[in-house]
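**Student:** A single structure is presented below for examination.
The values are calculated or read from the model by the stated rules, or taken from the named source; none is laboratory data. Keep in mind that what you see is a predicted model, and the values were worked out from it rather than measured. No Cβ is skipped: glycine too gets one built from the backbone with ideal geometry, and neighbour counts run over all protein chains shown. Note: areas computed on protein heavy atoms with side chains; ligands, DNA, RNA excluded. Shrake-Rupley method; radii C 1.70, N 1.55, O 1.52, S 1.80 Å.
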Amino acid sequence: TSTKQEVLDVLYANIKHAIYQPCENSLMVLLHFHLLNPIMIGKKKCKDVQFLSEVVDASLNLDGVRRSAYDPDELDEEQREREMRKRLNTTFKEFCKKVERVAKHYETNLEFDIPYYDMGFFGNPHKEMVYMQPSVNCLVNLTELPNYVITLSDVEHVHFERVSRATKNFDMTLIFKDWDVVPKTIVA
């Protein structure tokens, strides 16, 4: 159900990639569905549907008082944040397992993919630098809008440019098996 109380139905057969990103290294835990065919959400066609929950409140200490690292209130707040992360991760993971069981019952192959944070890199697929993460089936950025999902089985060749030992920057061009699709470049 959306914020406007609209009910959204996502069919198992229409899901191309189901991605679960735990909140280990980010401020949110999320489920992302990359669809085969776009669906209407409100008045827009959408090919990506995402459900998320933020772990911590993005609040500021406005009173100007600096607290020490040994402040009991600060320690309690960090402990609550750790417990919230753990609780949200387990809740979302259990939901993923339930969805996989139901999909299997209806003879649909649906498996949640988890991006590898350690293998990620900063890249510029659109207009701003974001953290790109590979997973088993795709290359994704799910935390910044617009979301970026590239199916790795659709890619025929990856061409690297400006690669040297002296710099960390490179350009990566993805050439697809379908030659009608324009190659995509990620500046990293």
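Let's see how each residue does on (1) part of a loop (DSSP other than H, G, I, E, B); (2) modelled with pLDDT under 90:
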site	(1), (2)
Leu36	no, no
Leu60	yes, yes
Met84	no, yes
Phe92	no, no
Cys96	no, no
Glu107	yes, yes
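**Student:** Hey, among the residues in the range 20-34 that are in contact (Cβ under 8 Å) with a residue 40 or more places away in the chain and part of a loop (DSSP other than H, G, I, E, B), which one's most open to solvent (accessible area, probe 1.4 Å)?
**Tutor:** Ranking the qualifying residues of the range 20-34, first place goes to Glu24.
**Student:** Still on this structure: Between a first residue in the range 98-126 that is among the hydrophobic types (A, V, I, L, M, F, W, C) and a second residue that is in a loop (DSSP other than H, G, I, E, B) and open to solvent by 100 Å² or more (accessible area, probe 1.4 Å), which pairs have beta carbons less than 6 Å apart while being 6 or more apart in sequence or on different chains?
**Tutor:** Qualifying pairs under 6 Å: Phe122/Met129.
**Student:** Look at Asp76 and say whether it is modelled with pLDDT of 90 or more and either touching a strand residue (DSSP E or B) at 6+ places or on another chain (Cβ under 7 Å) or loosely packed, with under 12 Cβ neighbours inside 10 Å (or both).
**Tutor:** no
**Student:** Here's another thing I want to ask about it. Could you identify the single residue in Leu174, Leu139, Leu145 that is within 21 Å of His32 (Cβ to Cβ), assigned to a loop (DSSP other than H, G, I, E, B) and of a type in the set (A, V, I, L, M)?
**Tutor:** Leu145
Listed here are the residues, each with its yes/no results for (1) among the hydroxyl-bearing types (Ser, Thr, Tyr); (2) open to solvent by 20 Å² or more (accessible area, probe 1.4 Å).
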residue: Tyr117; (1), (2): yes, yes
residue: Val130; (1), (2): no, no
residue: Pro146; (1), (2): no, yes
residue: Thr151; (1), (2): yes, no
residue: Asp154; (1), (2): no, yes
residue: His159; (1), (2): no, yes
residue: Phe170; (1), (2): no, yes
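**Student:** Can you find, within the range 109-136, the residue that is nearest to Ile175 (Cα to Cα) among those that are part of a loop (DSSP other than H, G, I, E, B) and of a type in the set (D, E, K, R)?
**Tutor:** Restricting to residues being part of a loop (DSSP other than H, G, I, E, B) and of a type in the set (D, E, K, R), the top hit is Lys127.
Table: residues versus (1) of a type in the set (A, V, I, L, M, F, W, C); (2) over 14 Å from Leu30 (Cα atoms); (3) modelled with pLDDT of 90 or more; (4) touching a Phe, Trp or Tyr at 6+ places or on another chain (Cβ under 6 Å).
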{"residue": "Ile114", "(1), (2), (3), (4)": "yes, no, yes, yes"}
{"residue": "Asp118", "(1), (2), (3), (4)": "no, yes, yes, no"}
{"residue": "Phe121", "(1), (2), (3), (4)": "yes, yes, no, no"}
{"residue": "Pro125", "(1), (2), (3), (4)": "no, yes, no, yes"}
{"residue": "Asn137", "(1), (2), (3), (4)": "no, yes, yes, no"}
{"residue": "Thr151", "(1), (2), (3), (4)": "no, yes, yes, no"}
